[in-house]
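Visitor: A single structure is presented below for examination.
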Amino acid sequence: MRTAGLSESAVRAFEGNYRALQRNETGLIPETAISAVLDLPRASALPSVSDAAFRDLLRQTVVIKLNGGLGTGMGLEKAKSLLPVRDGLTFLDLIARQMLHLRREAGGGTLPRFLLMNSFSTSEDTLAFLAAYPELGGAADVELMQNRVPKLRTDDLTAIAWPDNPEQEWCPPGHGDLYASLAGSGWLDWLLAEGVRYAFVSNSDNLGATLDPALLGYFAASGAPFLMEVTARTEADKKGGHLARRESDGRLILRESAQCPKADEAAFQDISRHRYFNTNNLWIRLARLKETLDANGGLIPLPMIRNEKTVDPRDAASPKVYQLETAMGAAIESFAGAGAIDVGRERFAPVKTTSDLLIIRSDACIVTPDHRLALAPERAGTPPVVSLDNALYKMVDGLDRLTPHGVPSLLHCRRLTVNGPVTFSAGVVIQGDATFTGTAAEPLMVAPGSYGAA
C-alpha cells in the first residue's frame, strides 16, 4: 500500500481490519447486548430555517457524494452515476445542477463545497463528464479519491499476486473508507481551514438525499458530532441492518445481519421491535471528526466486513480471496453524543435495480425546480411497486428492450409485474395493478392504452 502511494491513514485502517481477520473476529452482537430504539426525533416536525440562516449554514457545509460504484449488478462498466435517469440527464447531471442551485442560494462562489468520493474505477469517466460543469471546478476542487486495499488469499491471508491483471490484486475498502480518505488526502484539514464545519454525506445513486435546510439547521443547532438519517423498516427490510442502543455504554450502533447470532434472528427481523434502518445519509461535524481521528491514531475504528470472492470476479475458477471492507454508518458508535433522526421514505430512494430505474424514469416522479427528483404529488409519498422478470430485465439493456418507445405512465399505478418477453408501445398507461406476461413462443407487444385493475 505504501509503494502504491496510499496514505498512512489508509494503511492503519487496513492494518486494523487485517488484525481482526487474523483473530477470526465474528463481530456478533447478541440481543442481550442491545436495546431497541423506539422513538426518535422526526424530520417532518422540524422547524423551518430562515433564508438568511440557511445561506449562512450553506457557506459552512460540504456535500460529499459517494461515487465509487460501477453498477456492475445492472450490467454497467462505468460509474453508475453516469446512467441516464430522466430526459437524458444522468445522476451526476442532477447532482451537479443541485449543487449549482445551492451555490446560487448561498450567494455565489464555491460554497457550499462539493466533493465526489471516486474510486480508481470511476475517477476518469466521472471527471471527464464533469467537464460539462466547469463552474464546479476541476479535479483538484471536487475529487476525494477512495483508497484501495490488497485482496487476500483465503488460504494464508497474504496479498495475492495476479500477473495476468495486476489491477485485480486490489479492491475498494467500502464506504467506511470515507474517514481515512478525508484525513489522509488532506481534505479534512483544508475544509476546516476554510471555515467548513458540517458535512452531508450520501450515495450518488440516492436522488432523494438532498441538502435539506431544516435538517442542516437541526444538526447545526444540536451540537451532535454525528447524525444518521434513518427510516422505518418494513417487511421488505427485515433482513437488513437496524439501529440499536448498546447496553454497556448507551451508544447508538448499527447491527447488520452478519452480526446477529442465529439464535437471535427472530428478534433481528422483528420490525416492531427494531424499527429503524440506516439510509446512509449522514451529517458529520468536521471538528469532532478530526478529534476522534486524532484520538484513534488517524482512523475511525469500524467493524470489519469480510467478503469472500474470486480474484477475477469473471472467473469462478480463479483463486478465492477475502476483500476487507467497512461501512461508514458504523461510525455512529465511535462518537459520544451521536444521534439519529427519523426521515420520510422519500429521502431513501436508491436505484439498486432496473425496477427502481423504471420508476424514476416514469411520470411517477418529477424533477423539481431545484433539480431534485421527487415522487409526483399525486403519489402521496408512496412509490409504485414494480417487479420485472429478473432473467430478462436485470440489466439496463434488458430494460431498454422492454421500453424502446418510452416508459409507460405509472402515475396512478399501484403494482406492475412483467414476466417473460414483453415490449411496451408508446402511450401505455398503467392504473392500479397490472401484470403482463409473454412467452418465448408468443412475446407480448403491449399496445397503446390503459391497463390495470383498481
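The values are calculated or read from the model by the stated rules, or taken from the named source; none is laboratory data. Computed from a predicted model, the values in this text were never measured in an experiment. When we count neighbours, we look across all protein chains shown, and the Cβ atoms used for this are built from the backbone with ideal geometry, even at glycine.
Visitor: If I ask for residues that are modelled with pLDDT of 90 or more, out of contact with any strand residue (DSSP E or B) (no Cβ under 8 Å at 6 or more places or on another chain) and surrounded by fewer than 16 Cβ atoms within 10 Å (Cβ to Cβ), which ones from region 9-38 would you list?
Guide: Of everything in region 9-38, those that are modelled with pLDDT of 90 or more, out of contact with any strand residue (DSSP E or B) (no Cβ under 8 Å at 6 or more places or on another chain) and surrounded by fewer than 16 Cβ atoms within 10 Å (Cβ to Cβ) turn out to be E15, R19, Q22, R23, P30, T32, L38.
Visitor: For residues that are within 23 Å of D155 (Cα to Cα) and assigned to a helix (DSSP H, G or I), tally how many sit in region 13-34.
Guide: Number of matching residues: 10.
Visitor: Tell me yes or no: at least one residue of region 134-146 is of a type in the set (D, E), farther than 30 Å from P313 by Cβ and surrounded by fewer than 19 Cβ atoms within 10 Å (Cβ to Cβ).
Guide: yes
Visitor: Among all residue pairs at least 6 apart or on different chains, which show Cβ distances below 9 Å where the first residue, located in region 35-52, is under 26 Å from A106 (Cβ atoms) and the second is assigned to a loop (DSSP other than H, G, I, E, B)?
Guide: What qualifies is A43/D212; A43/V343; A43/G344; S44/V343; S44/G344; L46/D212.
Visitor: Yes or no: region 233-253 includes at least one residue that is free of Cβ contacts under 8 Å to residues at least 24 places away in the same chain and within 13 Å of A33 (Cβ to Cβ).
Guide: Yes, because at least one residue in region 233-253 is free of Cβ contacts under 8 Å to residues at least 24 places away in the same chain and within 13 Å of A33 (Cβ to Cβ).
Visitor: What residue, among those in region 183-214 that are in contact with a strand residue (DSSP E or B) (Cβ under 7 Å, 6 or more places away or on another chain), in a helix (DSSP H, G or I) and of a type in the set (A, V, I, L, M, F, W, C), is nearest to V343 (Cα to Cα)? First the steps, then the outcome.
Guide: If we filter region 183-214 for residues that are in contact with a strand residue (DSSP E or B) (Cβ under 7 Å, 6 or more places away or on another chain), which is where we start, we get 185, 187, 191, 196-207, 209, 211.
Checking which are in a helix (DSSP H, G or I) leaves us with 185, 187, 191.
Still in the running and of a type in the set (A, V, I, L, M, F, W, C): 187, 191.
Details: W187: 29, L191: 27 Å.
It comes out as L191.
Visitor: May I pose another question? Take the residues of region 161-182 that are buried (at least 21 other Cβ atoms within 10 Å of the Cβ) and part of a loop (DSSP other than H, G, I, E, B): which is modelled with the lowest pLDDT?
Guide: Per the stated criteria, the residue is G174.
Visitor: Going by the conditions given, is A244 assigned to a strand (DSSP E or B) and small (G, A, S)?
Guide: yes
Visitor: What number of residues within region 395-410 satisfy the criterion of being buried (at least 18 other Cβ atoms within 10 Å of the Cβ) and over 26 Å from the mean Cα position of the chain (by Cα)?
Guide: 3
Visitor: Of the residues A453, A447, A391, A426, which single one is surrounded by fewer than 16 Cβ atoms within 10 Å (Cβ to Cβ), within 23 Å of G88 (Cα to Cα) and aliphatic (A, V, I, L, M)?
Guide: Step by step, each of A453, A447, A391, A426 is checked, and only A426 is surrounded by fewer than 16 Cβ atoms within 10 Å (Cβ to Cβ), within 23 Å of G88 (Cα to Cα) and aliphatic (A, V, I, L, M).
Visitor: Kindly state which helices (runs of 4 or more DSSP H) lie completely within region 43-144 and contain at least 1 residues that are within 21 Å of the chain's Cα centre (by Cα) and of a type in the set (F, W, Y).
Guide: Correct list: 91-105, 123-129.
Condition check ((1) buried (at least 23 other Cβ atoms within 10 Å of the Cβ); (2) under 26 Å from L358 (Cα atoms)) across all residues:
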| residue | (1), (2) |
| --- | --- |
| Q60 | no, no |
| E77 | no, yes |
| K80 | yes, yes |
| T90 | no, yes |
| E105 | no, no |
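Visitor: Out of D370, D363, I need the residue that is out of contact with any Phe, Trp or Tyr (no Cβ under 7 Å at 6 or more places or on another chain), at pLDDT 95 or above, part of a loop (DSSP other than H, G, I, E, B) and not hydrophobic (A, V, I, L, M, F, W, C). Which one?
Guide: D363
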